[in-house]
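Q: Have a look at the structure that comes next, please.
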């Protein structure tokens with residue numbers, strides 16, 4: 001089925017929509033392929049954390065993109081899907097969640113969705129200079145998530161419980177416009193600006209776990225590449241990727 005320029009494949013049960021699409025990308029599947037499942041037997045979050053939701057309680061979907069993104073801007077594909085989800089939820093419930101940089105959506109500090117992206121420049125059949133990027137998102141519709149993550153659901157946070165297919169349709173509609181922005185530096189800067197407006201991490205004291213170690217400081221903004229700007233000992237450091245923990249309540253609202 002084709003929806004808003006995307007080709008959607010539906011599964012009652014699958015190991016992981018991300019894994020499925022990454023395998024399809026390596027076999028030459030075109031951009032715009034979407035997988036959506038009622039249940040995942042091997043769903044994953046960041047750092048390979050297991051994520052298993054009860055059947056039909058969440059929107060569990062992944063999309064294959066093939067975009068001409070520089071290596072240090074690949075994460076903007078994650079931002080495009082996250083921002084599309086924010087707009088889609090708002091369009092159906094009247095209230096959109098905030099973004100916790102880089103990949104969580106929150107209602108009043110409680111997680112309602114997570115985004116996970118995987119890239120493979122070797123996955124063939126893309127235009128020259130493009131990278132295959134699979135971006136998966138799990139949105140809690142009626143289930144608040146595992147008891148140890150402090151989560152919530154769209155229904156609990158907004159009083160409105162949109163159907164899975166209704167939310168998927170809205171998500172793909174919002175994503176199509178943001179997908180086009182990924183193709184140019186000007187468009188990517190526009191995405192980064194939207195990300196800054198929606199990011200609740202800005203103004204927070206944060207701990208960032210990097211591959212090279214850990215830093216603590218105050219998140220002060222998002223640059224035009226979509227990197228989080230963290231003030232550490234008087235120096236502003238751009239962070240392209242990392243696991244972020246909010247240490248205490250913000251002293252100032254997001255920009």
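The values are calculated or read from the model by the stated rules, or taken from the named source; none is laboratory data. Because the structure is a prediction, the values reported are computed rather than measured. A quick note on method: Cβ atoms are made from the backbone with ideal geometry, for glycine too, and the neighbour counts reach across all protein chains shown.
Q: Determine, yes or no, whether residue 115 is closer than 21 Å to residue 80 by Cβ and assigned by TED's automatic domain parsing to the domain that holds residue 33.
A: Taking the combined requirement at face value, the residue satisfies it.
Q: Here is a further query. Please give the number of the condition residue 240 fails out of (1) outside the structural domain of residue 74 (by TED's automatic domain parsing); (2) free of Cβ contacts under 8 Å to residues at least 40 places away in the same chain; (3) surrounded by fewer than 18 Cβ atoms within 10 Å (Cβ to Cβ).
A: Answer for residue 240: the failing condition is (2).
Q: Let me ask something else about it. Considering each residue of region 137-165, count those that are outside any loop (DSSP other than H, G, I, E, B) and over 28 Å from residue 33 (Cβ atoms), and give that number.
A: 5
Q: Is there a residue being touching a strand residue (DSSP E or B) at 6+ places or on another chain (Cβ under 7 Å) and either within 18 Å of residue 199 (Cβ to Cβ) or outside the structural domain of residue 176 (by TED's automatic domain parsing) (or both) anywhere in region 120-127?
A: No, every residue in region 120-127 fails to be touching a strand residue (DSSP E or B) at 6+ places or on another chain (Cβ under 7 Å) and either within 18 Å of residue 199 (Cβ to Cβ) or outside the structural domain of residue 176 (by TED's automatic domain parsing) (or both).
Q: Moving on to the next point. Kindly check whether there is at least one residue in region 166-182 that is on the phi > 0 side of the Ramachandran plot, in contact (Cβ under 8 Å) with a residue 40 or more places away in the chain and not in a helix (DSSP H, G or I).
A: no
Q: Within the group 23, 3, which residue is farther than 20 Å from residue 143 by Cβ and in contact (Cβ under 8 Å) with a residue 60 or more places away in the chain?
A: The unique qualifying residue is 3.
Q: Could you check residue 206 against (1) without any contact (Cβ under 8 Å) to a residue 40 or more places away in the chain; (2) farther than 25 Å from residue 120 by Cβ and say which number it fails?
A: If we test residue 206 against (1) without any contact (Cβ under 8 Å) to a residue 40 or more places away in the chain; (2) farther than 25 Å from residue 120 by Cβ, just (1) comes out false.
Q: In this structure, does residue 134 turn out to be in contact (Cβ under 8 Å) with a residue 40 or more places away in the chain, assigned to a helix (DSSP H, G or I) and touching a strand residue (DSSP E or B) at 6+ places or on another chain (Cβ under 9 Å)?
A: Taking the combined requirement at face value, the residue does not satisfy it.
Q: Also, I was wondering about something else. Restricting the search to region 201-237, which residues are closer than 13 Å to residue 247 by Cα and assigned to a loop (DSSP other than H, G, I, E, B)?
A: Listed by number, the residues that qualify are 201, 202, 203, 204.
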